[in-house]
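Notes follow once the structure below has been shown.
Every number in this text was worked out from the coordinates using simple rules, so none of it is lab data. Quantities reported herein were computed from a predicted structural model and do not represent experimental measurements. Cβ placement follows ideal geometry from the backbone for every residue including glycine, while neighbour counts extend to all protein chains displayed.
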Amino acid sequence: MALDSKNRVYIIHGYDSGVDKNWFPWLKNELGKMGVESHILPLPNPTQPKPQEWLDSMISQVLNIGGVDINTYFVGHSLGTISTLHFLQSLQNLDSKNHNLESNKVIESKIGGYILVSGFCSRVKGLEMLNNFIDFGFDFTRLRDICSKKLVISARDDSIVPTKFSYELAGNLDSDFIQTRSGGHFMQSEGYTKFPLVLEQLKRFFSNLY
């Protein structure tokens, strides 16, 4: 399968996580084998995250790496799904001049697509420390329109973010939804140092078969 070398993927980790955790390094490595540029973004204070700090960090990193266009894709996990959405809904208000970007950096109003793993958009019992991310708000109209390739993945046995919350998120985004029979929260402690399903879906995105 021929892939567009212009494709770029950003991988966004979640709460109490990082660039070397879970299946993120594996996904980056597999994308590299395909000739696809990818970046796992380190976000500040992952054990005590703040929504504005994570948003500002994403803006700085993503836009200075190469901008955002129709060949840009995002993969977010857990809290990283929320920060991905916060970033995407902010795109229409960004100006490269305000972020000290080089003149050749591109900020477009559309992206290629996004995959949200174990995502949520409502308060979840046991995750009260993340309520400020929920209260930060979502522009679902904007998030539905930013791309046509949207997917939420959840496991039926996720005890951290019960699958009903991910299903709700998919509905709000008018996104496709894949529910696996098992997998929990898709963390390395549950055996998830690889995640072929995400790679498979990204390939579909790239090939325009989605």
Check your understanding: Taking the chain as a Gaussian network, where each spring joins two C-alpha atoms under 10 Å apart, which residue of Tyr114, Tyr167, Tyr192 fluctuates the most?
Key -> Tyr192
Review point. Using only the Cα atoms, what convex hull volume per residue in Å³ does the stretch 8-207 have?
Key: 108 Å³
**Study point:** Mean separation of Cα contacts under 8 Å, 6 or more apart, over the residue count of the chain: relative contact order %
**Key:** 22 percent
Point to revise | Label point distance in nm, Lys33-Ile65, each placed 7 Å from Cα along Cα→Cβ | key: 2.1 nm
Exercise for review: Figure the gain on full extension for Gln92 and Arg142 (residue separation times 0.36 nm, minus the Cα-Cα span) and round it to one decimal in nm.
Suggested key: 17.1 nm
Point to revise | Within the stretch 12-49, backbone nitrogen closer than 20 Å to the virtual label 7 Å beyond the Cα of Glu168 toward Cβ | key: 15
Revision key, fill the gap. Taking the chain and counting helices only, DSSP H stretches of n ≥ 4 at -39,500 (n - 2.57) each over all residues, the nearest-500 ellipticity at 222 nm comes to -10000 deg cm²/dmol
Check your understanding: Using a Gaussian network model of the chain with C-alpha springs under 10 Å, which one of Lys28, Lys110, Lys164 is most mobile by mean-square fluctuation?
Key -> Lys164
**Study point:** Distance (nanometres) between label positions extended 7 Å along Cα→Cβ at Asp135 and Ser159
**Key:** 2.9 nm
